[in-house]
1. Just to be sure I understand the model, the point goes 7 Å from the Cα along the line to the Cβ. What's the resulting LEU127 to ARG173 distance in nm?
2. Could you work out Rg/(2.2 N^0.38 Å) for the chain, with Rg from alpha carbons only?
3. Given R₀ = 25 Å, FRET efficiency for ASN42-SER230 by Cβ-Cβ distance, to 0.05?
4. Fewest Cβ neighbours within 10 Å first, please rank ILE71, ILE62 accordingly.
5. Here are some pairs, LYS149/LYS189; LYS39/LYS236; LYS97/LYS236; which of them have Cα atoms lying more than 23 Å apart in this structure?
6. Starting from the range 107-165, pick out the trypsin sites (Lys or Arg not before Pro) whose DSSP state is loop and whose Cβ has at most 12 other Cβ atoms within 10 Å.
7. Using a Förster distance of 35 Å, how high is the FRET efficiency between LYS149 and LYS89, based on the Cβ-Cβ distance and rounded to 0.05?
8. Quick check: residue separation of GLU186 and TYR111 times 0.36 nm, minus the Cα distance between them. What number comes out in nm?
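Just so it is clear, none of the values below were taken in a lab; they were calculated from the coordinates. Quantities reported herein were computed from a predicted structural model and do not represent experimental measurements. Cβ sites come from the backbone with ideal geometry, for glycine too, and all protein chains shown count toward neighbours.
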Amino acid sequence: MEGRALLVRINRYLAMCGVASRRSAEELIKAGFVKVNGKVVNDLSFKVRAWVDRVEFKGKIILPEGQVYYILNKPCCYLSSLKDGIDSKKGLLHLIKNIPERVFPVGRLDYNSEGLMLLTNDGELALRVSHPRYGLEKVYLVWMDKVIKEPHVRQMLKGARLEDGFFSPDDVRIIKQNLLEITLHEGRKHIVKRFVSYFGYRVVRLLRVAIGPLRLGALPSGQYRPLKESELRTLKLKLYQGRVNA
């Protein structure tokens, strides 16, 4: 479902992208320098679906300025917050000191958990990524303390009633004898660890490898990188055009 706030008049969109002021942008639009989804737009009342439509100025894709997006491979033994903990546990700021913008982490990973985290200053996107109603899947690799039994996996797919309510993952697959891939879209505290514990397993290592269309890939532990334009566009399309539960 598309948010109303995403509809932006074309001259305002050019101004948001740093191309020109709104008034100057009107002349550029009239001159035929702007394309939306491959077609020249001359109508000044035309509204762009920001982050959904492909907008070009003189043949180059343009995006609004000011909002930044990074992915981080969080190592074990770091908090998911920027600040250090009162017990001397280190926060993410130790890993992202060279990011010039003020960003914040979207969602969380446990102190001992590792893997993909999204960092941004885009509050609307952060809400959509973290809220389960938007159905954005998170994929985890989960190493267990013992060999996983196939019947348990079939039971896991049916879900389990935990102390804070029923939980059912989107998918569970055995990768190796003691390694599961679990896909879910909920973000309850320690949900993966509590879920597998219900079936008699203990998590030895937990690594998040995907958030929706974003993939951790070969990004080294403790390193970060900005999102590619194609990654951001795909994420925005999924969040703003995908299914939204009422």
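1. 3.4
2. Ratio of Rg to 2.2 N^0.38 Å for the chain: 1.20.
3. After rounding to 0.05, the efficiency reads 0.35.
4. Working: ILE71 24, ILE62 17.
In order of increasing Cβ crowding within 10 Å: ILE62, ILE71.
5. Numbers: LYS149/LYS189 25 Å; LYS39/LYS236 21 Å; LYS97/LYS236 27 Å.
Too far apart for the 23 Å limit: LYS149/LYS189; LYS97/LYS236.
6. Working: sites: ARG108, ARG128, ARG133, LYS138, LYS146, LYS149, ARG154, LYS158, ARG161; in loops: ARG108, LYS146, LYS149.
Those satisfying the criteria are LYS146.
7. Working: r = 35 Å, r/R0 = 1.00.
After rounding, the FRET efficiency stands at 0.50.
8. Length difference between fully extended and current span is 25.2 nm.
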